[in-house]
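Have a look at the structure below, then the notes.
The values are calculated or read from the model by the stated rules, or taken from the named source; none is laboratory data. From a predicted model like this one, the values you see are computed outputs, not experimental measurements. Ideal geometry is used to build each Cβ from the backbone, glycine not excepted, and the neighbour counts take in all protein chains shown.
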Amino acid sequence: AQSVTQLDSQVPVFEEAPVELRCNYSSSVSVYLFWYVQYPNQGLQLLLKYLSGSTLVESINGFEAEFNKSQTSFHLRKPSVHISDTAEYFCAVSGVNFNKFYFGSGTKLNVKP
Amino acid sequence: GAVVSQHPSWVICKSGTSVKIECRSLDFQATTMFWYRQFPKQSLMLMATSNEGSKATYEQGVEKDKFLINHASLTLSTLTVTSAHPEDSSFYICSARTFYNEQFFGPGTRLTVL
């Protein structure tokens, strides 16, 4: 079985500052890794994913995440956040058969002006 | 990207009644659909996995007689919360997996049981 740990439940940050949301996972088998974003009263939207290949993956809105197998981490970063990035971010892991997704407890990113 | 819809988006019901939630893949066929539950300020917990035409597989601790899942077609799965009680109030989210193993999430259904 897999599990995901997001150590930070809330991350306050000022607009245009950099941010890192941490995600660590545990698994005895190969996994795929995902970051989802959830805006208030909405469902999940895929932000980015790592399946294979380059360990650094990017989203269209400036977020990036790096898969680190030795540290079993998939931290999400953005060099300069915007007010509109305020949301809750979930890290998730699945087996390579995409059979089940396991989610972390989520990190609320609060971007202040 | 592929679209998954849920209906209703929000429902309030009295204790003891049953509520049906629909999950549809609008522009693709879903080999598998998943149902999740999200409590306030918590993460999503997988409740069950359903494959078209077969019985759903429930996660440990989820009452199959309480949460009835029907996957009638490759584009529709339903979750029925039977004899709902206030503790069943939650945000229910479905996801659908394509033939290419991509998974897309619905917008969720907020259930409030009075």
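Determine whether segment B:95-114 contains at least one residue that is of a type outside the set (Val, Ile, Thr), more than 14 Å from chain A (Cβ to nearest Cβ) and on the phi < 0 side of the Ramachandran plot.
Yes, segment B:95-114 has at least one match.
Within segment B:75-104, which residues are outside any strand (DSSP E or B), in contact (Cβ under 8 Å) with a residue 60 or more places away in the chain and not polar (S, T, N, Q)?
B:84, B:85, B:86, B:99, B:102
Taking the conditions exactly as written (over 21 Å from residue B:17 (Cβ atoms) and either more than 13 Å from chain A (Cβ to nearest Cβ) or among the hydroxyl-bearing types (Ser, Thr, Tyr) (or both)), does residue B:85 satisfy them or not?
Considered against the rule, which asks whether it is over 21 Å from residue B:17 (Cβ atoms) and either more than 13 Å from chain A (Cβ to nearest Cβ) or among the hydroxyl-bearing types (Ser, Thr, Tyr) (or both), residue B:85 comes out as no.
Please go through (1) in a loop (DSSP other than H, G, I, E, B); (2) free of Cβ contacts under 8 Å to residues at least 24 places away in the same chain; (3) farther than 14 Å from residue A:107 by Cβ for residue A:46 and return the number of the only condition it doesn't satisfy.
If we test residue A:46 against (1) in a loop (DSSP other than H, G, I, E, B); (2) free of Cβ contacts under 8 Å to residues at least 24 places away in the same chain; (3) farther than 14 Å from residue A:107 by Cβ, just (1) comes out false.
Only one of A:81, A:29, A:57, A:96 is more than 12 Å from the chain's Cα centre (by Cα), away from every other protein chain (no Cβ under 12 Å) and at pLDDT below 95. Can you tell me which?
Testing whether each residue is more than 12 Å from the chain's Cα centre (by Cα), away from every other protein chain (no Cβ under 12 Å) and at pLDDT below 95 leaves just A:29.
Being of a type in the set (D, E, K, R) and more than 15 Å from residue B:110 (Cβ to Cβ) is the filter; apply it to segment B:4-27 and report the residue that is surrounded by the most Cβ atoms within 10 Å (Cβ to Cβ).
Step by step, filter segment B:4-27, then rank; the result is B:24.
Going by the conditions given, is residue B:77 hydroxyl-bearing (Ser, Thr, Tyr), under 26 Å from residue A:35 (Cα atoms) and either crowded, with 20+ Cβ neighbours inside 10 Å or at pLDDT 95 or above (or both)?
It is true that residue B:77 is hydroxyl-bearing (Ser, Thr, Tyr), under 26 Å from residue A:35 (Cα atoms) and either crowded, with 20+ Cβ neighbours inside 10 Å or at pLDDT 95 or above (or both).
What number of residues within segment B:90-114 are more than 19 Å from residue B:4 (Cβ to Cβ) and surrounded by fewer than 19 Cβ atoms within 10 Å (Cβ to Cβ)?
Adding up the residues that qualify gives 2.
Take segment A:78-113 and flag every residue that is closer than 18 Å to residue B:96 by Cβ and either in contact with an Asp or Glu (Cβ under 9 Å, 6 or more places away or on another chain) or of a type in the set (D, E, K, R) (or both).
Listed by number, the residues that qualify are A:98, A:100.
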